[in-house]
1. Does G169 count as within 25 Å of N66 (Cβ to Cβ), crowded, with 19+ Cβ neighbours inside 10 Å and either hydroxyl-bearing (S, T, Y) or modelled with pLDDT of 95 or more (or both)?
2. Looking at D182, D163, D157, can you tell me which residue is without any contact (Cβ under 8 Å) to a residue 24 or more places away in the chain and within 18 Å of N80 (Cα to Cα)?
3. Would you say Q86 is modelled with pLDDT under 95, of a type outside the set (S, T, Y) and within 30 Å of D157 (Cβ to Cβ)?
4. Within segment 124-141, identify whether any single residue is over 15 Å from the mean Cα position of the chain (by Cα), at pLDDT 95 or above, more than 28 Å from E15 (Cα to Cα) and among the acidic types (D, E), and answer yes or no.
5. Need at least 3 residues that are more than 25 Å from S16 (Cα to Cα) and open to solvent by 20 Å² or more (accessible area, probe 1.4 Å) per element, so show me which helices (runs of 4 or more DSSP H) inside segment 49-160 make the cut, counting only ones lying wholly within it.
6. Within segment 91-121, which residues are closer than 20 Å to V149 by Cβ and among the small types (G, A, S)?
7. Is segment 186-205 home to any residue that is open to solvent by 10 Å² or more (accessible area, probe 1.4 Å), of a type in the set (D, E, K, R), modelled with pLDDT of 95 or more and in contact with a strand residue (DSSP E or B) (Cβ under 7 Å, 6 or more places away or on another chain)?
8. Only one of Y208, Y175 is open to solvent by 60 Å² or more (accessible area, probe 1.4 Å), out of contact with any Cys (no Cβ under 6 Å at 6 or more places or on another chain) and free of Cβ contacts under 8 Å to residues at least 60 places away in the same chain. Can you tell me which?
Amino acid sequence: MKHISILTGAGISAESGVKTFRDHDGLWEGHDVMQVATPQAFEKNPGFVLDFYNIRRQQLLTVQPNLAHQRLVDLETQFNVDIITQNVDDLHERAGSSRVTHLHGELMKVRSTFDQDLIYDWKDDLNLGDFCEHHYQLRPHVVWFGEAVPMIEKAIDILKQTDVLIIIGTSMQVYPAAGLIDFAPSSTPIYFIDPNPNISDSTGVHLYAEKATTGVDKLVRKLLA
């Protein structure tokens, strides 16, 4: 079976009601990014940072995968499919996708501040005093600004062996994620689904200038035909 790689961003989850962290003014739901999404912020005011992610986590539990998430699962009937997402939600998994790589971590998981490989599933609030088995504070399992992106090498390896590349709901302006498309073979057809695509239709690039649910449905119908 041919291999499809899918890069997804905030646009695919916005239709489920997941709040996109960064607003047009650059703030994350009223907070300066430096206050809620850096190691320094966590060190300075851990309770405040934990509360920010607790609110995000509880909101995520109230939403469901949408048609775009669901239709991507259907591709697995005819293709080997890898999803590489910049999103920290678990909507791809809940929809049924079997191979999902999270570049920026996962909101429904936490990890030890002592050993970053000690990762736990977590649906409740994370509070000061919640410790790992080595008695170190737990933190959100998300990649903060200034931290390395540990899954980027895996994502690069996936892209190197892809036959088709689909990009959904992301501007592809934020690095290192934006550089991933450069690792796909030069002959790879690219399908770009976004209401406001920042690239032009060209040889090998096919634009669907619409929201994720309608664009993904049309593309999946085409690929499975």
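The values are calculated or read from the model by the stated rules, or taken from the named source; none is laboratory data. Predicted model, so just to flag it, every value in this text is computed and none were measured. For neighbour counting, all protein chains shown are included, and Cβ atoms are generated from backbone atoms with ideal geometry for every residue, glycine included. The area values use the complete protein model at the heavy-atom level, side chains included, leaving out ligands, DNA and RNA. Shrake-Rupley method; radii C 1.70, N 1.55, O 1.52, S 1.80 Å.
1. no
2. It is D157.
3. Taking the combined requirement at face value, the residue satisfies it.
4. Yes, the conditions are met somewhere in segment 124-141.
5. Per the criteria, 152-160.
6. The answer is G105, S112.
7. no
8. Y175
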